[in-house]
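Below: one structure, written as structure tokens.
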Amino acid sequence: MPVAVVTGGGSGLGREIAHALAAAGFDVTVTGRTETTLTETAATAPAGQINTAVLDVADGEAVAEFFDRLERIDVLVNNAGRGSRPKLVHEVTEEDWRKVIDTNLTGSFLCAKAAFGLMMRQDPKGGRIINNGSISAHVPRPQSIAYTASKHAITGLTKAIALDGRDHGITCGQIDVGNAATAMTARMSDGVLQADGSLAPEPTFDPKVVADLVVQMAKLPLNVSIPALTVMATGMPFVGRG
């Protein structure tokens with residue numbers, strides 16, 4: 001049975017992805033900072049079994065210890081992430097900045113680093129890393145400098161991992177999601193700040209679509225790679241943003 005790890009698996013997209021991978025026959029472990037939400041993810045899985053592990057991806061020592069306990073890993077889904085309240089650049093504190101960057105970027109690097117090493121050592125070696133980017137990896141929202149910078153950096157992280165993994169049977173791709181209907185996007189129906197300063201509601205879509213696409217990526221043979229995939233609610237301001 002192939003082994004998958006989903007970070008940030010206690011809610012939202014992480015929970016949907018974990019459920020879909022378990023239903024597809026993967027031995028899934030979800031990580032996150034809150035034990036109760038992880039337990040809910042495991043308890044509500046419609047099919048398959050899901051293991052849980054409390055983990056802060058920004059804690060390098062804890063990440064290394066977690067991956068050291070694994071015998072192998074076939075798929076890592078770097079999903080853990082956080083946003084911040086809208087602020088103009090000069091209003092963003094160093095603490096605001098570090099909280100977002102430490103989780104979204106450094107956390108993804110630390111997990112990818114540990115998974116990459118295990119994928120090289122295991123027999124048979126190789127595996128797949130899937131990074132959760134964002135529409136914001138392409139075009140920023142107003143007043144979102146830390147989140148936008150973190151997601152632009154994920155694109156570089158993905159490409160660098162893919163290149164380094166090429167000779168070792170390790171692939172890396174990125175899925176950029178726009179407005180999947182989760183708790184994070186619930187406010188969008190009430191209006192979201194636009195580039196022209198107006199507030200406008202934005203459409204969302206079923207996060208199960210994202211989960212199904214991640215499963216498709218995860219099940220590909222390792223001689224096939226999807227470097228980047230964008231999925232979004234039709235009608236959201238992406239191409240025309242700004």
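The values are calculated or read from the model by the stated rules, or taken from the named source; none is laboratory data. Keep in mind that this is a model prediction, so the values were computed, not measured. Ideal geometry is used to build each Cβ from the backbone, glycine not excepted, and the neighbour counts take in all protein chains shown.
A few comments on the model shown:
- Tallying residues that are exposed (fewer than 13 other Cβ atoms within 10 Å of the Cβ), more than 14 Å from Ile129 (Cα to Cα) and not aliphatic (A, V, I, L, M) within the range 188-242 yields 12.
- The number of residues in the range 118-137 being over 13 Å from Ala228 (Cβ atoms) and part of a loop (DSSP other than H, G, I, E, B) comes to 5.
- When residues of the range 42-98 are limited to those that are over 21 Å from the mean Cα position of the chain (by Cα) and β-branched (Val, Ile, Thr), the one surrounded by the most Cβ atoms within 10 Å (Cβ to Cβ): Val92
- In the range 143-179, the residues that are outside any helix (DSSP H, G or I) and either crowded, with 18+ Cβ neighbours inside 10 Å or at pLDDT below 95 (or both): Gln143, Ser144, Ile170, Thr171, Cys172, Gly173, Gln174, Ile175, Asp176, Val177, Gly178, Asn179
- When Thr182 is tested against (1) surrounded by fewer than 19 Cβ atoms within 10 Å (Cβ to Cβ); (2) closer than 24 Å to Glu94 by Cα; (3) of a type in the set (Val, Ile, Thr), only condition (2) is not met.
- Cβ pairs under 6 Å, 6+ apart, first in the range 74-95 and more than 30 Å from Glu16 (Cβ to Cβ), second in a loop (DSSP other than H, G, I, E, B) and not β-branched (Val, Ile, Thr): Leu88/Gln143
- Residue under evaluation Pro140, criteria (1) assigned to a helix (DSSP H, G or I); (2) surrounded by fewer than 21 Cβ atoms within 10 Å (Cβ to Cβ), criterion not met: (1)
- Within the set Gly107, Gly83, the sole residue that is modelled with pLDDT under 95 and either assigned to a strand (DSSP E or B) or in contact with a Ser or Thr (Cβ under 8 Å, 6 or more places away or on another chain) (or both) turns out to be Gly83.
- Checked against the criterion of being surrounded by fewer than 20 Cβ atoms within 10 Å (Cβ to Cβ), modelled with pLDDT of 95 or more and closer than 20 Å to Ala53 by Cβ, the range 122-132 has at least one qualifying residue.
- Residues satisfying the stated conditions in the range 188-216, i.e. within 30 Å of Val3 (Cβ to Cβ) and not in a helix (DSSP H, G or I): Phe205, Asp206
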